[in-house]
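Every number here is computed from the coordinates shown, using simple stated rules; none is lab data. Fair warning: this is a prediction, and the values are worked out from it, not measured in the lab. Neighbour counts are summed over all protein chains in view; Cβ atoms, including those assigned to glycine, are modelled from backbone coordinates with ideal geometry.
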Amino acid sequence: MEPLQRIEAVALPIAQPNCDTDQITPARFLQKPRSDDFGRYLFADVRFRADGSEIPDFILNRPEYRAARIIAAERNFGCGSSREHAVWSLHDYGIRAVIAPSFGDIFRSNCLKNGLVPVVLPEDEVKALLDGLAASPGAHIAVDVVEQVVVFPDGSVRGFDIDPFAKHCIVQGLDELDYTLSQSSAIESFERDYDERHR
Amino acid sequence: MPRLRLRTKGNTVDHSANHTPRTMLDTIWDSHRILSRDDGQDLLFVDRHFIHDVTEPAFRMLRDRGLAPRSPGRIFGTPDHYVPTHSRKATAINDPERRTMIEALTRDARGADITVFGLGDPRQGIVHVVGPEQGLSLPGMIIVCADSHTSTHGAVGALAFGIGATEVGHALATQSLWQRRPGRMRVSVDGTLGAGVTAKDVILAIIAKIGVAGAVGHAIEYAGSAIRGLSMEGRLTLCNMSIEAGGRVGFVAPDDTTFAYLAGRPYAPKEAAWDRAVARWRRLASDPDAVFDREVTLDASEIAPMVTWGTTPEDALPITGRVPDPDAAPTAERRETMSRALAYMGLTPGTPLEEVPVDRVFIGSCTNGRIEDLRSAAGIVKGRKVAAGVDAWVVPGSEPVRAQAEAEGLDLVFKTAGFEWRYAGCSMCLATNGDTVAAGQRCASTSNRNFVGRQGVGARTHLMSPAMAAAAAVTGRLSDVRRLMAGA
């Protein structure tokens, strides 16, 4: 996992609630190997026509948003299917942070495993951000994971919460598995007692 | 690791007097807690891990790190997403990538001594149908699977939740997962359900009430007399769609209905072990005075047969309703969302839902592919014909369901009426195996998601119960099943 301390980039506004993981990565791409560039599958059904040509109206196809590496969205972003492929699509396209009032629980967890930071801000602050991005397309914002702040297009700053352990993993680019494996003896002793209690 | 302190938990659950009232969520959670981190996450022991034919990336992650599954005896698999439903032969899959997904499951499981009910095995089916059916999903368990509809298994009184590929790798390697305890939410449905009203209508009514984000961050405990009155299969339908309300976990306290369902299942405990297990399971239910972070109540008698009109499961209305008008929406944002949904769905505001014609009918999925679902649909279909121009399918949720239905003659009821009778798999619910709804076609579906493109690019999905889907098949439009019941 690549470390992420701070990112400053174009932010893509998705002014729509309940953007589900079927939209982010349609199910027909679940059969693709992880070695594929999943960025090609990001929002595929609304981004490309059947012949592969771009749908010009779709926001990601507009020149001012192509370099987006941050997404701002309305509530319940990433709801639905547990497919980690949705996060892989965002990641491979270059997205490193998503800002929304709330996230699908599984999607949020998947983000943290892949070096994407899910930033929760209050609904009114996200609304202000979406309005600001709509008013100045292609505007840059910043997400600073170390300082736990978002810098809006107008330079104003909003704080956000993140679990200390998740923050540590994102900032250092570590995953949980090595850490858990170092606790194997605790798992083994728990399992012995657990099996004893469930005979 | 900075600032990281661990506490090893005592392993016994305190059932002594003078404790604060406990919820079932807390009881199961605490009995699986191996370690706690000071950021509030707990390492939970996983009793049961189900795998399927989209688990390949997780096995690859393990191989890349030189790791193997830690506890193969606790892991069971079956292919479902990519299996063909017109044949039981992998050679019938024309797409090599899809075939590879099934072959990868077989290879990865065999290499790790994991039991798989493969294509052609009489126990194969959709993983969320197979688990309870085989007695692999039991009360008090923590169950995980790389699929958001893992919440289904909560119906037996387990904490069951969907996870992503990286978490699958973690669970395979350590038989445990780091999780933050969700909020406690109770959804109570009291009273008596009317004729023609099923568990599917109950859960659609719940989602319509609380919204698709209504339970985000929470585990839902379903309670109340109408829930206790549901069969186990009804409870499986109910818990299945918890995730459509944003709840990763949904469950029902185990009771005599649960125990009667599980008794004698192939992997359920036997004889003295069964008796000891039931005694333990009876202690799982929430205390009567347990406190929940959120409470929602519904009156069962007010729930009608439901149908969705839009592109999220909260866009649901009684079948007696009309296509809603965005101009009547409470906010500009909602107006825009509704307009976009209606444009995609090809619907005109004000149209009676019963006048909406359908092209396709899909009866199946982990939501509604069980034997009671097929009996319910067959009861409506019997003596009738699929309407002209409608392509109607029944895809049993598992091969045991298919065999049972055939033993009861339900396959003949469907086939005589003009339905296609298929083999078990996820099929048209998410169309990964090639069973798709064509662009612009309208499908009456017993599945769980009416998302844009879910059943195929441009497909229009209306969610409903099996009986309602059967009614749509024979009338050729969305229909109030109550008018077709008992010869009405």
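Numbers below:
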quantity: Subset of segment A:177-192 that is more than 7 Å from chain B (Cβ to nearest Cβ) and assigned to a helix (DSSP H, G or I) - its residue that is farthest from B:SER31 (Cα to Cα); calculated: A:ASP178
quantity: Checklist (1) under 18 Å from the mean Cα position of the chain (by Cα); (2) within 14 Å of chain A (Cβ to nearest Cβ); (3) not aromatic (Phe, Trp, Tyr) applied to B:ALA171, failing item; calculated: (1)
quantity: Residue in segment A:62-72 that is more than 8 Å from chain B (Cβ to nearest Cβ) and closer than 19 Å to B:ILE163 by Cβ present; calculated: no
quantity: Filter pass, A:GLU8 being surrounded by fewer than 20 Cβ atoms within 10 Å (Cβ to Cβ), more than 9 Å from every other protein chain (Cβ to nearest Cβ), in contact (Cβ under 8 Å) with a residue 24 or more places away in the chain and assigned to a loop (DSSP other than H, G, I, E, B); calculated: no
quantity: Residues being more than 18 Å from A:ARG66 (Cα to Cα) and either assigned to a loop (DSSP other than H, G, I, E, B) or more than 13 Å from every other protein chain (Cβ to nearest Cβ) (or both) - total across segment A:76-98; calculated: 7
quantity: B:THR91 surrounded by fewer than 21 Cβ atoms within 10 Å (Cβ to Cβ) and within 28 Å of B:GLN404 (Cα to Cα); calculated: yes
quantity: A:ILE187 vs. criteria without any contact (Cβ under 8 Å) to a residue 24 or more places away in the chain and of a type outside the set (Gly, Ala, Ser); calculated: yes
quantity: Only one of B:GLY120, B:GLY131, B:GLY169 that is assigned to a loop (DSSP other than H, G, I, E, B) and either of a type outside the set (S, T, N, Q) or surrounded by fewer than 24 Cβ atoms within 10 Å (Cβ to Cβ) (or both); calculated: B:GLY120
quantity: Any hit, segment B:341-350, residues being free of Cβ contacts under 8 Å to residues at least 24 places away in the same chain and either farther than 20 Å from A:ASP20 by Cβ or surrounded by fewer than 16 Cβ atoms within 10 Å (Cβ to Cβ) (or both); calculated: yes
quantity: Residue match in segment B:273-280 (condition: of a type outside the set (Asp, Glu) and closer than 17 Å to B:MET232 by Cα); calculated: yes
quantity: Within segment B:429-447, tally of residues that are of a type in the set (S, T, N, Q), part of a loop (DSSP other than H, G, I, E, B) and within 21 Å of B:LEU342 (Cβ to Cβ); calculated: 2
quantity: Residue ranges of strands (runs of 3 or more DSSP E) in segment B:210-317 with at least 3 members under 30 Å from B:GLN179 (Cα atoms) and touching a residue at least 40 places away in the same chain (Cβ under 8 Å); calculated: B:218-223, B:249-252, B:294-299
quantity: Filtered residues of segment B:105-117 (kept if part of a helix (DSSP H, G or I), among the hydrophobic types (A, V, I, L, M, F, W, C) and under 22 Å from B:HIS86 (Cβ atoms)); calculated: B:LEU105
quantity: A:ALA166 being crowded, with 17+ Cβ neighbours inside 10 Å, among the small types (Gly, Ala, Ser) and under 20 Å from A:LYS113 (Cα atoms); calculated: yes
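Quick grid of which residues meet (1) in a strand (DSSP E or B); (2) in contact (Cβ under 8 Å) with a residue 60 or more places away in the chain; (3) not small (Gly, Ala, Ser):
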position	(1), (2), (3)
B:ALA388	no, yes, no
B:VAL394	yes, no, yes
B:ARG402	no, no, yes
B:THR416	no, no, yes
B:ALA424	no, yes, no
B:ASN450	no, yes, yes
B:GLN455	no, yes, yes
B:ALA470	no, yes, no
B:VAL474	no, yes, yes
